[in-house]
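The structure appears below as structure tokens.
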Amino acid sequence: MHKFIEIPIYALDKSTLRVRYEKYVDTLRREVFPDIIEETFQRCLEIETYPKRVWEYNHIVGYVVIGYEFGDISFKLYLPTPQKQRYMWRTSKKTFLYDVHSNGTHFRVNESMCNEDIQYEIADMLDSIIKEQVPKKYYVDRQAFDNINSKIDYLKIINEVDNK
């Protein structure tokens with residue numbers, strides 16, 4: 001597959017992680033370090049919560065790959081297998097992601113399609129995958145995709161791949 005873009009799927013959205021982090025900080029302050037000075041507490045907090053408090057690229061539980069192969073725009077969905085029932089935001093355990101081999105997540109590019117048609121179909125298929133196949137508790141970070149989809153010349157890329 002010739003990849004166009006990979007879209008991360010996070011266990012938590014940014015604001016939910018922030019709420020969990022703030023709650024954890026409050027618990028540390030009250031129960032674990034109630035009598036230490038603020039400077040020392042901040043150092044302990046830095047050690048105890050980094051990188052778990054950093055949202056980007058630290059809470060990925062899957063991703064969607066969009067690409068081109070054999071005349072089709074294809075989508076591959078990677079998620080943990082088996083599905084996790086509960087996400088532990090402070091764990092150091094690694095969860096492995098696998099292609100779930102979802103059916104029907106591709107469409108044929110035909111000669112009558114213009115670039116805008118392809119852009120629309122890709123966005124529509126992505127919406128469908130998010131709605132029907134990504135667990136509701138997860139957050140699909142499609143910001144980068146939404147920012148660049150209308151600017152990508154898919155036909156040019158497809159023609160270059162086909163002519164190799």
Margin query: For segment 97-119, give me each residue that is over 20 Å from the mean Cα position of the chain (by Cα) and either buried (at least 18 other Cβ atoms within 10 Å of the Cβ) or not polar (S, T, N, Q) (or both).
Written below: GLY104, PHE107, ARG108, VAL109, GLU111, MET113, CYS114, GLU116, ASP117, ILE118
Item checked: Selection status of VAL64, assigned to a helix (DSSP H, G or I) and aliphatic (A, V, I, L, M) -> no
Checklist line | Selection count, segment 27-38, where residues are open to solvent by less than 70 Å² (accessible area, probe 1.4 Å) and in a helix (DSSP H, G or I) | finding: 2
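Which residue, of LEU17, LEU45, is closer than 30 Å to ASP146 by Cβ and crowded, with 17+ Cβ neighbours inside 10 Å? Break it down into steps so the answer makes sense when it comes.
Numbers: LEU45 fails: closer than 30 Å to ASP146 by Cβ.
Just a single option satisfies the conditions, and that option is LEU17.
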Check: Do we have any residue at all in segment 120-139 that's among the acidic types (Asp, Glu), surrounded by 15 or more Cβ atoms within 10 Å (Cβ to Cβ) and part of a helix (DSSP H, G or I)?
Finding: yes
Note to self: Which pairs turn up if I take residues in segment 62-81 that are free of Cβ contacts under 8 Å to residues at least 24 places away in the same chain and farther than 12 Å from GLN133 by Cα and look for partners that are of a type in the set (Gly, Ala, Ser) and surrounded by 18 or more Cβ atoms within 10 Å (Cβ to Cβ) with beta carbon separation below 9 Å, at least 6 apart in sequence or on another chain?
What the structure shows: PRO80/GLY62
Next item on the list: Would you point out the residue of segment 78-124, among those that are modelled with pLDDT under 95 and charged (D, E, K, R), that is farthest from ILE7 (Cα to Cα)?
Entry: GLU111
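The values are calculated or read from the model by the stated rules, or taken from the named source; none is laboratory data. Not measured: the values here are computed from a predicted model. Virtual Cβ from ideal backbone geometry, glycine too; neighbours counted across all protein chains shown. With ligands, DNA and RNA removed, areas are computed over all heavy atoms of the protein, side chains included. Shrake-Rupley method; radii C 1.70, N 1.55, O 1.52, S 1.80 Å.
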